[in-house]
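Beneath this line is the structure, given in structure tokens, with notes to follow.
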Amino acid sequence: MDQAVRIGIDVGGTFTDVVVLDQTDQQVIAQLKIPTTHHAEEGVAKGIIDAIHQVLEKLNIQPEQVSFIAHSTTQATNALLEGDVASVGVIGVGAGWEQLKARLDTRIPRIELAPQRFLQPASRFLAGSKLSYSILNEQLEAWKKQGIEVVVSSTAFGVDDPSTEQLIAQKAQEKGFFATCGHEVSSLYGLRTRTRTAVINGAILPKMIHTATMTDDCVKKAGIKAPLMIMRSDGGVMSVDEVRRRPIMTMLSGPAAGIAGALMHERVSDGIFIEVGGTSADISVIRDGLPQTKSARVGGHRTFLHTLDVRTIAIAGGSMVREKNGRLVDVGSRSAHIAGLPYACFQELQALEGARLVHLQPTEKDPKDYIAIQNPSGQCFALTPTCAANLLGLIPEGAFAKGNREAAKLGFVPLAEKMGKTVEECATEVLKIACQKVAQQIEALLKEYHLDRNTLELIGGGGGAAALVFFTGQLMQLPVRLAKNAEVISTIGVAMAMVRETIERNIVDPQPADLLQIRREAFEALVGLGALPETIEVQVEVDTRRNLVRATAFGTTELRKETNGNADPAPRTGVEAAAHSLRCPLEQVKLLGETSGLQVYGTQVSKKTWAGFSKKTVQVIRVLDKKAVVRLQRSNVNLYHSKVGQALGKLEQVLKNLTDFGDAGRSLPTLQVLVGSRIIHLSGLAEPAQVLAIARTELENVPAEEDLVIIANLE
């Protein structure tokens, strides 16, 4: 092997998965699964290190061939859930009129991490505009004797002037403490939330630094020159140095890895991604090719940490069935993995012959009505949604969850006899109970994000995906597909991860110059994280209610952005792919516009008015790239064609014609500009001048004669 490769490592609760991708075409060269080393002296780092060594040795990969290496981790999340955190002391500082509020805001009450597991930070407030070194030293010495491990420094206006926070952190580190500052975890105003976020960050700092340093040392000792990257909670990756400062950013990086795989490997534009394991399922929204994020909560308290909006439910491919008096009580939440039972559908027929239905209590906290089947030799096997889906023939050939259909039928016989039904009826009922839980979460996301059912598809990832997503699609009448390499989609997501950074500022009445400045900061931050400048896109949003400006930048390292790792062996033409996505006959689809890298196809559809008494005809479009991958979906739009040189004038005219003035004030249309192979999103802005300023910056290096298309959403 002499080609360049990318290595992704996904650290799960049970196994650590590794994939190796070809750098050029992003095809999976190899995949490896080893047990996660929770109880080793080195912790989960040992499993990561073992995985790296095995990959290099088994595939005869030379260190210099590795162009990218990254891993996801559940360590931060698990540390908080299990209460395995460091002791924290908070030094708050304030002076003048804000002193009383600052004192209250930096005194953080105990935070419940899990039932009966709390984080109780100590605190000391230092009043005055000038820091008293003697009082600070006295407090640090006292905390040293008490066993405090981490010092958090948080000042009233640390976002604007971080010097005091930095000085306190420096003094603490000189005395052997770990230290973190409020301004390091967030640049937003809101002292209480910022301090709370810094406390949580500090609580996991020692453990995360230990693991990150150990793993980084291993990568370097192996001769790999590519810097080790770690998956973030928002779907991007961060360097080890960033982990040493903000380990809180790695929370929920496991689910983030799956979404990254859906975005980069599957090129999902609009859809619900459902990653199904053996114990739980993670459900998330992808819209306009971007994952949706939210402010994370810990112990019911808001933080300034942005994570992907992932809804986790305790239903999966290995969920066990509960039965009482011939009636199914529930499916889940206990899984066969926790109970230590193999699935019936993966057994040989002779192992299930003569089996009878038995009830059991997997753990002391569980009810006693979970069921299994037991053969004459005393071996027990679980009946699961995976078994039910195999019995009903729902799992396609080649899927990871594909088992023995005849074994699944034989396994369900004892339950069917108890319930007085056929095995098919029992299996259907098991899947209905399980998948209705999935459908309930999807319906909530559809409502919350105002998603159009006509443009959505369900994409399944994870080893247990086929057990749930196809039946869920039937229940909800939504199209479904399995991700390619679904069982390792998270690991692929790590290997293909984009670099991502978000810059936020509290600005009252932001001017165009403010937006351009924060956009520039986000762009430069991403370059500093290793993204190639030509791949970077920046989206700027303005929240007038919260006086918040947010710039989100995303790009790639050496991974060529236009590469599609899931190439169809018989790809559709653009119009065929558009017709498939629009769910209409080919002859009804028209090419409405194009740039050098994108094509816009559309059709006319009838929609009911809000009152439901009449119908109106609207234009529905799909924007496809040169590989016939849908990049954008919109309903009820107008299209405008222009040259780059006249684009600002055309945009100004569109804004003037389509801006709505209602009781809530000015409402701008949602705009996208297509130029080359780029989609420039100009939504989320408050004023026409802001839209024009961002557009001017995005188009400044594009030739004036190049064609572009403006899409204006009318809803």
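Rule-based calculations on the coordinates, nothing more; no lab input. As the structure is a prediction and not an experimental result, all values here were calculated from the model. A quick note on method: Cβ atoms are made from the backbone with ideal geometry, for glycine too, and the neighbour counts reach across all protein chains shown.
Observations on the model:
- Straight-distance candidates among the aspartates and glutamates for linking to Lys437, with alpha-carbon spacing under 15 Å and chain neighbours fewer than 8 residues away dropped: Glu275, Asp282, Asp330, Glu429.
- For the range 504-521, putting each phi into the Karplus relation 6.51 cos²θ - 1.76 cosθ + 1.60 with θ = phi - 60° gives couplings of 10, 9, 8, 9, 7, 6, x, 8, x, 5, 5, 5, 5, 5, 5, 5, 4, 4 Hz, in residue order, rounded to whole numbers and with x for Gly and Pro.
- Taken along its three principal axes, the alpha carbon spread of the range 625-666 comes to 44, 27, 12 Å, from the longest extent down to the shortest.
- Centroid-to-centroid, using Cα positions, the range 383-458 and the range 85-163 are 51 Å apart.
- Sorted by Cβ neighbour density within 10 Å, fewest at the top, the residues Asp241, Asp22, Asp17: Asp241, Asp22, Asp17
- Sorted by Cβ neighbour density within 10 Å, fewest at the top, the residues Phe554, Phe471: Phe554, Phe471
- Filtered trypsin sites (Lys or Arg not before Pro), the range 363-412: DSSP coil and at most 10 other beta carbons within 10 Å: Lys365, Lys368
- Straight-line cross-link reach from Lys175 at under 26 Å between alpha-carbon atoms covers these lysines, not counting any fewer than eight positions away in the same chain: Lys130, Lys144, Lys145, Lys207.
- For the chain: Kirkwood Rh in Å [reciprocal of mean 1/r, alpha carbons]: 27.6 Å
- Panel order for Trp143, Trp97, by other beta carbons found within 10 Å of each beta carbon, from fewest to most: Trp97, Trp143.
- Phi to ³J(HN,Hα) by Karplus 6.51 cos²θ - 1.76 cosθ + 1.60 over the range 46-60, Hz, x for Gly, Pro: 4, x, 5, 4, 4, 4, 4, 4, 5, 4, 4, 6, 5, 9, 6
- For Lys627, the aspartates and glutamates whose Cα falls under 13 Å of its own Cα, not counting residues fewer than eight places away in the same chain, are Glu266, Glu562, Asp568, Glu576.
- Taking label positions 7 Å along the Cα-Cβ direction at both Gln436 and Lys294, the computed distance is 2.3 nm, reported to one decimal.
- Cα-based shape type of the range 578-713, given that a ≥ b ≥ c are square roots of the gyration tensor eigenvalues and the cut on a/c is 1.5: oblate
- Leu548-Asp660 pseudo-label distance in nm [points 7 Å out on the Cα-to-Cβ vector]: 2.3 nm
- The spacing between the range 230-257 and the range 1-64, judged by their C-alpha centroids, is 18 Å.
- Kirkwood hydrodynamic radius of the range 146-198, Cα pairs, Å: 11.0 Å
- Sequence-distant residues sharing a close amide H with Lys484 (under 5 Å, placed H): none
- Antiparallel bridges, percent of DSSP beta bridges restricted to the chain (to nearest 5): 75 percent
- Average 1/r across all pairs of distinct alpha carbons in the range 258-495, invert it, and you get the Kirkwood radius: 18.3 Å.
- Fully extended contour minus Cα-Cα distance, from Arg572 to Arg244, at 0.36 nm per residue: 113.4 nm
- 3J(HN,Hα) along the range 221-234, derived from phi through the Karplus expression 6.51 cos²θ - 1.76 cosθ + 1.60 where θ = phi - 60°, amounts to 5, 6, x, 6, 7, 5, x, 5, 10, 10, 5, 9, 6, 9 Hz, with x in place of Gly and Pro.
- Amide proton proximity set for Leu113, modelled H, under 5 Å, gap of 5+: Phe118, Leu119
- Overall shape: oblate for the range 86-200, with the ratio a/c of the largest to smallest alpha carbon gyration tensor axis at 1.5 or above and b/c at least equal to a/b.
- Sequence-separation-based contact order of the chain, relative, with Cα cut under 8 Å and 6+ spacing, percent: 10 percent
- Out-of-range pairs (alpha-carbon distance over 22 Å; input Lys324/Lys402; Lys590/Lys616; Lys590/Lys626; Lys46/Lys402; Lys590/Lys656): Lys324/Lys402; Lys46/Lys402; Lys590/Lys656
- Equivalent ellipsoid semi-axes - Cα gyration tensor, the range 498-555, angstrom: 22, 10, 8
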